[in-house]
1. Could you tell me whether the stretch 163-179 includes any residue that is over 18 Å from the mean Cα position of the chain (by Cα), part of a helix (DSSP H, G or I), surrounded by 12 or more Cβ atoms within 10 Å (Cβ to Cβ) and free of Cβ contacts under 8 Å to residues at least 60 places away in the same chain?
2. Please count how many residues of the stretch 43-80 are over 17 Å from the mean Cα position of the chain (by Cα), assigned to a loop (DSSP other than H, G, I, E, B) and closer than 17 Å to E28 by Cα.
3. Consider the stretch 91-101. How many of its residues are loosely packed, with under 11 Cβ neighbours inside 10 Å and either among the polar types (S, T, N, Q) or under 21 Å from Y113 (Cβ atoms) (or both)?
4. Please indicate, with yes or no, whether at least one residue in the stretch 82-90 is at pLDDT 90 or above and surrounded by 15 or more Cβ atoms within 10 Å (Cβ to Cβ).
5. Condition first: without any contact (Cβ under 8 Å) to a residue 40 or more places away in the chain, in a strand (DSSP E or B) and closer than 15 Å to L69 by Cβ. Now tell me which residues in the stretch 81-109 satisfy that.
6. Can you name the condition, by its number, that F136 falls short on among (1) without any contact (Cβ under 8 Å) to a residue 40 or more places away in the chain; (2) among the aromatic types (F, W, Y); (3) buried (at least 19 other Cβ atoms within 10 Å of the Cβ)?
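The values are calculated or read from the model by the stated rules, or taken from the named source; none is laboratory data. Values in this document were obtained by computation on a predicted structure and should not be read as measured data. Here Cβ is always computed from backbone atoms with ideal geometry, including for glycine, and neighbour counts include all displayed protein chains.
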Amino acid sequence: MNFFKFIAVNPPATHEYVIFRIMTHIQENYKNFNPHPKTLKSVERIVASIPSKRLAGLNTIILTNTKALNNKKRRQKTKSRKRKVALNNCLGWYIQKWDRNPAYIELLIDNIYQGYPKWVHFFNFIHDLPIASTLFHEVGHHIHKTQAPEFNDKEDVANKWGRKLYRKYCMNRYWYIIIPLYPVIYISNRLYKK
């Protein structure tokens, strides 16, 4: 199984080094669940928008559902903001590099789209929103752990990085929707802060 794909970038003629871009492998692992066909393309599009230096060390993103979890993971709990949460109730999680096992992210696609109507999948912008917010949050955990450690609550730091990546993605990919909505977003953010 090829976890890392190295794509050589042609350097300028004056330099004698080759720069490699590390690609994160996206793996689907579903059991008795058929995600929408746009899901994999959405994740690929979202991952491609993240700078490669931020993905360094992140080996795999696993797209799965709650029924595909083994018994150990179904019973396992994680701490989030000083309370325990069952993994099968989460939207996703980040597992840091440990010993010889590389870092990876698991996303529970059925939990991410739970409660959303079917028409959400017809519009790329709306289809991307739930996956992007969850994936960028988990990538925020990876960035916090490996590249930009801060002495702060890890969920707050992951949210900060997630918002930053999410804003950049929306402005680059869906600028034609965001710019007309900018006054509404600005006003709602001002009201939310009060």
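1. Yes, the stretch 163-179 contains at least one residue that is over 18 Å from the mean Cα position of the chain (by Cα), part of a helix (DSSP H, G or I), surrounded by 12 or more Cβ atoms within 10 Å (Cβ to Cβ) and free of Cβ contacts under 8 Å to residues at least 60 places away in the same chain.
2. 2
3. Count: 1.
4. Looking for residues that are at pLDDT 90 or above and surrounded by 15 or more Cβ atoms within 10 Å (Cβ to Cβ), one finds at least one in the stretch 82-90, hence yes.
5. V85, A86, I95, listed by residue number.
6. It is condition (1) that F136 fails.
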